[in-house]
Protein chains: 4
Amino acid sequence: MTVGDEQDRAVAAHLGHVELLAPDAAATVAFFTDVLGMSLVAQSERSAYLRGWRDYERYSLKVTESPAAGLGHIAFRTVSAEALDAAVRALTAAGFEGKWVDGDEGQGTGYTVRNGDGHAFELYFETEHYVAPREAASVYRNQAARSTSRGAAVERIDHVNLASPDVRASREFAQRHLGARLSEQLLLPDGTEIGAWMRVTSKAYDLTYIADPARARDRLHHVAFRVESREEVLRAADIFTERGCFIELGPAKHDIGSTFFVYVYEPSGNRIEVCAGGYLIFAPDWTPAVWTLEPGERFQAWNTPIVESFFAYATPDVSGIG
Amino acid sequence: MTVGDEQDRAVAAHLGHVELLAPDAAATVAFFTDVLGMSLVAQSERSAYLRGWRDYERYSLKVTESPAAGLGHIAFRTVSAEALDAAVRALTAAGFEGKWVDGDEGQGTGYTVRNGDGHAFELYFETEHYVAPREAASVYRNQAARSTSRGAAVERIDHVNLASPDVRASREFAQRHLGARLSEQLLLPDGTEIGAWMRVTSKAYDLTYIADPARARDRLHHVAFRVESREEVLRAADIFTERGCFIELGPAKHDIGSTFFVYVYEPSGNRIEVCAGGYLIFAPDWTPAVWTLEPGERFQAWNTPIVESFFAYATPDVSGIG
Amino acid sequence: MTVGDEQDRAVAAHLGHVELLAPDAAATVAFFTDVLGMSLVAQSERSAYLRGWRDYERYSLKVTESPAAGLGHIAFRTVSAEALDAAVRALTAAGFEGKWVDGDEGQGTGYTVRNGDGHAFELYFETEHYVAPREAASVYRNQAARSTSRGAAVERIDHVNLASPDVRASREFAQRHLGARLSEQLLLPDGTEIGAWMRVTSKAYDLTYIADPARARDRLHHVAFRVESREEVLRAADIFTERGCFIELGPAKHDIGSTFFVYVYEPSGNRIEVCAGGYLIFAPDWTPAVWTLEPGERFQAWNTPIVESFFAYATPDVSGIG
Amino acid sequence: MTVGDEQDRAVAAHLGHVELLAPDAAATVAFFTDVLGMSLVAQSERSAYLRGWRDYERYSLKVTESPAAGLGHIAFRTVSAEALDAAVRALTAAGFEGKWVDGDEGQGTGYTVRNGDGHAFELYFETEHYVAPREAASVYRNQAARSTSRGAAVERIDHVNLASPDVRASREFAQRHLGARLSEQLLLPDGTEIGAWMRVTSKAYDLTYIADPARARDRLHHVAFRVESREEVLRAADIFTERGCFIELGPAKHDIGSTFFVYVYEPSGNRIEVCAGGYLIFAPDWTPAVWTLEPGERFQAWNTPIVESFFAYATPDVSGIG
């Protein structure tokens, strides 16, 4: 499938939430509330539900206690109820076997399916528009809640980066079944696809694939949350440093996406990005920016060296096995 | 027409360019090149064509010598060639009499029509994806050109705000014929619409209407250009101050749109905004934020007083007449 | 006294702390801890002691319950114990009647004196270098404590602005007895001094006088606290807005000092500034920048209008009396 | 000499200028004007004189054509003419053989001496307070000129870092003869001094020594120029990247000094820093922050890896010899 074959049919409206698996769930939830400054909106026996102050849905992050770190599932809200039904028909016609699941915490029925690289995707349309309790309400009528002003005080979920044993196949799945469009891609000199940045909104990317170094299935590279400005990313880095959170990379700028970022590991080991900046894509016929990674190349915008672990580590960690 | 009646049919992909009328065209062009830091890409007998460094089309601003300041036209690129044809059919069916026009400077054939409040809209699809000459090319493959690093160095066109004698009718035209969606609106206590902020992308707004204080037709409130960060808006304010450009309002924050802004008058008298920040709208069923302006209210976010001229002035200036 | 007569003798090393009088002391302390993000380090029957995270002394703000808002005293640390003694001798020789007072909360003996305009100044040298408890300690060895990351999270005290019935006399007192140097001044067209910005460090100002509109004695214009960047000032403005704190002026830029600021009233009515930016003065023979305020002039850098209350209000408020 | 032995006698008021030696002087001057945005104020047969827009003296950088890159000299302005004479007497008494030299470009007679590690220091007092020509004058009366708004648009010179074969001896020289005070220092585990950060103003440092890896004499680590904010450092990094200037390290934050920085090599090979942020020291009895570098340690604030060249490279480059 080439870019020219992208569906005109809109499917996903935006990334809705991500479920993270967490061996040390209590510490992970404390990280997201105290350090990232998200709000805990609900808890069940094994899961906690959290939100950024500008997320318009009830939650954007579900943390579930689990033996190993990694991804539970990622969920995209569709542009309409009809688009959800059409997507399920198309998936079924293409031979995928998913299932309808009850939503939780303000979300209606969803359809869950695993793509070829093993990641679980959920599609749903019904959702609750969050109304903050009085003490968290904002004077700004266009904000679901006021900033928590706590820790990094992230605004909202931004994107997910999935490690894939076959980036090309994963990209094609997202283009065909989520209505994703290719914004940028990373190739080896021989043309092998090792990274794909895709969008379902005007943002440069909402869903990203990176080649899994272990060629394993169903692994997570990172989940990203947004702050207002690059200054807020710098501020987050100091908060991480003072609280002993491991910063893997950044603050620095990605060539791809023009994003200003910092990567940190949450206590259960999943990689989390706090980001700002970047650019928007308006062209309906955008030509993807193509970058070729020469062997051994480990530098990017501003000549920032990229640590080896950024390419080697994903969750669940299989480095002990592989 | 209520929000629930908005068209599902996508028409406009994004704001393409604006034509400004300028009695002192030479000074206006100098302002946009030297002070805003845009690049002059072409000139004809009466017009100059300029671009921000991240605009992906050849130009986003046309300055045309004219006896009075004001708006020439605004142009939206459609999502496809088919969407353009469908839009023209719908306009014709609704009784609007437009005409097909040859595009200029990299833009294909467009269709121009005046809506009820007198503003000229152009719709087009064919366009050139700008390729910078070697000396202006960027090392970043996702940028059409490198930042000019000159003056305010604006990135791209952001939105247009039109003064309208009938905001409700203007809003309905944009919803019906441009596929615009209502993001926020401003009402008088009696429910009269005096402002409408609408989007055709994920940005909170691309096209805005504000009640024309003189109830005149075809007047411009402002055209806005984007910079990377709020710090860059502050930097722009110092540049304006040092070069003797009249700052009317800001830097400050709008309640509506959460935008950080500064307004300046270019030498021919048109109001120009340099903006950063704000928020994106992802919900396909976003509930517009409604603000009611109490009589005499002249303050907004952070308690910033709004100068009288911000409500009273538009171009062409009719204050001498009315 | 002209600038050329300034003492070569160093007296004050820096502004140490300010005592604010607060009718609603509990609300005032809550404002400084929760909204400004300072830390409460001690409390006595009528007073609370607070610090910014980078203040190297134990406290920089003392809040004392009192029937009316206003200034208790301001305290400057001297460059040495000898400088303190020499200053007391000079004050005594000049006819001032002060007294030695026991310091509190980590501060040694000080000498308190009222200058001609009624403000109480304290000079002291002995002081405790603050060592943060384990949970507030910073990984950065050059910081007394880690950032509280709470509310505006102000770093340290920056300067005090005192309202004076006779700016010239107040300025001369500071030059003669504190070793202050004049950085900038504000005059009326007839040459009357209505503002003086003075420094005892490399900062453009540590102590400022502004003409008291009521020509009253011993009134406070504002106390200022510092944040890292202009972005942090913008962030503070949102925090003030969301928490219902009255913003009087800003965020904006002062011509004088190049300071980026926002002014807010704390619950007891004292005006507080949060500031960033500005410039440093290194020249030992700096020529003060002189600004003349034309009658009715109410605009400054970036053409920002200055609200009337900024010139009219000081604490204690005498507008009901005068 | 310990910190307690520091002179109470003030000598240097501030860093005045630096002379850089440049094999490719034309390219170096073009870098400082076009990329850093400084202004060329004068030229002689072999030298060019440049200034940052807020430098109050005529120039802060002298670029002299020379066979090898490196330092010509650094010049400190003294607090007074008397302090200059006293410093010369003290140097002479200590056995240093300097000489009086005619100043150039607005600077009066200076005294030049080489300290034990070979660097040439100049002390002077007489200087011209720069008055900008009309087209470069600022509306702000406290600025020597308006911002050039060109390239990185650096404000002023900030500090110099000298490579020394004996950091302890170099530090003692600066304390004894420049009146410098120790702010922070870097030690090896065995107590060997390998870095000293010293101040003559309220800034955390104006003059810095770092151990010369080649144990050579008279080498330069870097010269630093200041911008307004961390955002401006990020902006500078993009400018360097687009213009092909080699970025060695950063943007990132130093533990020491809390400075936000980016290091770049100018065309003749000298390392240049653009910096913002940091902290001020007000305590007359400041206790230096001591950092110990464990063997192999190459990370700092935010876990940023430090490239090997940052420790290994200085000018003139002797790596080909040593």
Of those in region B:111-129 that are buried (at least 20 other Cβ atoms within 10 Å of the Cβ) and either assigned to a loop (DSSP other than H, G, I, E, B) or touching a His at 6+ places or on another chain (Cβ under 9 Å) (or both), the residue farthest from the other protein chains (Cβ to nearest Cβ) is B:Asp117
### Message
more than 30 Å from D:Ala137 (Cα to Cα), open to solvent by less than 50 Å² (accessible area, probe 1.4 Å) and at pLDDT 95 or above: is that true of D:Val11 in this structure?
### Response
yes
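Condition check ((1) crowded, with 23+ Cβ neighbours inside 10 Å; (2) basic (Lys, Arg)) across all residues:
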position	(1), (2)
A:Lys99	no, yes
A:Asp102	no, no
A:Thr148	no, no
A:Arg168	no, yes
A:Arg171	yes, yes
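Residues being in a loop (DSSP other than H, G, I, E, B) and open to solvent by 10 Å² or more (accessible area, probe 1.4 Å): count how many of those fall in region A:230-268.
Final tally of qualifying residues: 8.
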(request) Using the structure shown, decide if B:Gly95 is exposed (fewer than 14 other Cβ atoms within 10 Å of the Cβ) and not in a strand (DSSP E or B). (result) yes
Sole miss for A:His222 among (1) more than 14 Å from chain B (Cβ to nearest Cβ); (2) part of a loop (DSSP other than H, G, I, E, B); (3) touching a residue at least 40 places away in the same chain (Cβ under 8 Å) is condition (2)
Reported set for region D:26-43 where residues are open to solvent by less than 30 Å² (accessible area, probe 1.4 Å) and hydroxyl-bearing (Ser, Thr, Tyr) is D:Thr28, D:Thr33
**OP:** Could you please let me know if A:His17 is buried (at least 17 other Cβ atoms within 10 Å of the Cβ) and within 14 Å of chain B (Cβ to nearest Cβ)?
**Re:** yes
Residue set D:Arg46, D:Arg54, D:Arg9, D:Arg77; condition more than 14 Å from chain C (Cβ to nearest Cβ) and charged (D, E, K, R); output residue D:Arg46
Contact list, first residue from region D:230-244 and facing chain B (nearest Cβ under 8 Å), second anywhere and assigned to a helix (DSSP H, G or I), beta-carbon distance below 7 Å, six or more apart or interchain, is D:Glu231/A:Arg230; D:Glu231/A:Glu231; D:Glu231/B:Glu231; D:Ile239/D:Val35; D:Thr241/A:Ala301; D:Thr241/A:Trp302
Checked against (1) among the acidic types (Asp, Glu); (2) open to solvent by less than 10 Å² (accessible area, probe 1.4 Å); (3) at pLDDT below 95, A:Asp206 satisfies every condition except (3)
Picking from B:Arg46, B:Arg89, B:Arg51, the residue that is farther than 14 Å from B:Arg156 by Cα and either touching a residue at least 12 places away in the same chain (Cβ under 8 Å) or buried (at least 16 other Cβ atoms within 10 Å of the Cβ) (or both) would be B:Arg46
Going through region A:59-82 in order, the residues found to be surrounded by 23 or more Cβ atoms within 10 Å (Cβ to Cβ) and part of a loop (DSSP other than H, G, I, E, B) are A:Tyr59, A:Ser60, A:Ala69
When every residue in region D:179-203 that is of a type in the set (S, T, N, Q) and in a strand (DSSP E or B) is compared, the one surrounded by the most Cβ atoms within 10 Å (Cβ to Cβ) is D:Ser183
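Can you tell me how many residues within region C:83-125 are touching a strand residue (DSSP E or B) at 6+ places or on another chain (Cβ under 7 Å) and either more than 21 Å from C:Ala163 (Cβ to Cβ) or not small (Gly, Ala, Ser) (or both)?
Result for region C:83-125: 28.
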Within region C:290-305, residues being within 17 Å of C:Leu188 (Cα to Cα) and outside any strand (DSSP E or B) number 6
Considering region D:296-319, residues that are open to solvent by 50 Å² or more (accessible area, probe 1.4 Å) and not polar (S, T, N, Q), and then whichever is farthest from the chain's Cα centre (by Cα), we arrive at D:Gly296
Looking across region D:135-144 at residues that are more than 17 Å from B:Cys245 (Cα to Cα) and not polar (S, T, N, Q), the single one that is surrounded by the fewest Cβ atoms within 10 Å (Cβ to Cβ) is D:Arg141
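Among the residues of region B:251-268, which ones are at the interface with another protein chain (Cβ under 8 Å from one of its Cβ atoms) and touching a Ser or Thr at 6+ places or on another chain (Cβ under 6 Å)? Step through it out loud before you land on a result.
Applying the first criterion (at the interface with another protein chain (Cβ under 8 Å from one of its Cβ atoms)) to region B:251-268 yields B:251-253, B:255-258, B:260, B:262.
Within region B:251-268, B:Ala252 is the sole residue that qualifies.
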Inside region B:269-295, the number of residues satisfying the requirement of being of a type in the set (S, T, N, Q) and either open to solvent by 10 Å² or more (accessible area, probe 1.4 Å) or within 14 Å of chain A (Cβ to nearest Cβ) (or both) is 2
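Of the residues A:Arg176, A:Arg226, A:Arg219, which is modelled with pLDDT of 95 or more, open to solvent by 10 Å² or more (accessible area, probe 1.4 Å) and touching a strand residue (DSSP E or B) at 6+ places or on another chain (Cβ under 6 Å)?
When all the criteria are applied, what remains is A:Arg226.
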Taking region C:98-110 and keeping only residues that are among the polar types (S, T, N, Q) and either assigned to a loop (DSSP other than H, G, I, E, B) or over 30 Å from C:Val131 (Cβ atoms) (or both), one is left with C:Thr109
How many residues of region B:130-146 are in a loop (DSSP other than H, G, I, E, B), more than 21 Å from the chain's Cα centre (by Cα) and of a type in the set (Gly, Ala, Ser)? The answer is 4
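The values are calculated or read from the model by the stated rules, or taken from the named source; none is laboratory data. Just so it is clear, the model here is predicted, and its values are computed rather than measured. Neighbour counts are summed over all protein chains in view; Cβ atoms, including those assigned to glycine, are modelled from backbone coordinates with ideal geometry. Please note that ligands, DNA and RNA were not included when accessible areas were found on the heavy atoms of the full protein model with its side chains. Shrake-Rupley method; radii C 1.70, N 1.55, O 1.52, S 1.80 Å.
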